[in-house]
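Notes to accompany the following structure.
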Amino acid sequence: MATLAEDGTTAPFSDPVYLKAAALDPAFSLMWIDHHVLVSLEVKAEVLQHVKEVILREALETEPPTPCVDEEEQESLGQGEGLFAAYHKRKKKDVGTTPALQLSHYLHIADGQNVLLFWAMNMKVLPSLFKVAIRVLAVPASSAPVEPVFSHGGIILRPHRAQMSDRPLTNLVFCKCNAL
């Protein structure tokens, strides 16, 4: 979608993760293409197709391959002793839930819902897309914004102030962090 500039840099937000995140958030889905992409209908159709392909490509990557049992394995399984020697457990795969069908179903039902509630209710119905949505929409926990607060708290809470209750400490940390 984004091309390299002459100096070798890419445009901001050109990573496909932004397209996937917007498309897999049911509050936006693909409605933003119709309303906010200010280009011709052909280009809008191309962008729409590209977003779908990016999502489907990742959904197919996350889907586990189905194990195939060849004829030799079936014969060797049948030669064992016992009542259940020929029994081979296989996972059932519903042929009606391919990632392409899940994406089509998602695009029909996504209509501005809350992202957490939507995926909580539809994670069993759209398992391949749910895995992609978790990878794209999940934000890793980080302590980066909190570290300065603990740093200030360490400066304020010294051994001679160890008897301070939580209310004055909270007020002092607030004042220290918001001071100009």
Take the conditions among the β-branched types (Val, Ile, Thr), closer than 23 Å to residue 16 by Cβ, open to solvent by less than 80 Å² (accessible area, probe 1.4 Å) and at pLDDT 70 or above and apply them to residue 115. Does it pass?
yes
Determine, yes or no, whether residue 21 is assigned to a helix (DSSP H, G or I) and at pLDDT 85 or above.
yes
Just checking, does region 124-138 include any residue being outside any helix (DSSP H, G or I) and modelled with pLDDT under 85?
yes
Considering only residues of region 53-82 that are open to solvent by 60 Å² or more (accessible area, probe 1.4 Å) and modelled with pLDDT of 70 or more, which is nearest to residue 107 (Cα to Cα)?
53
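The values are calculated or read from the model by the stated rules, or taken from the named source; none is laboratory data. Since the structure is predicted, the reported quantities are computational estimates derived from the model, not experimental observations. Heads up, the Cβs are rebuilt from the backbone with ideal geometry, glycines too, and the neighbour counts pull from every protein chain shown. Heavy atoms of the whole protein, side chains included, go into the accessibility calculation; ligands, DNA and RNA do not. Shrake-Rupley method; radii C 1.70, N 1.55, O 1.52, S 1.80 Å.
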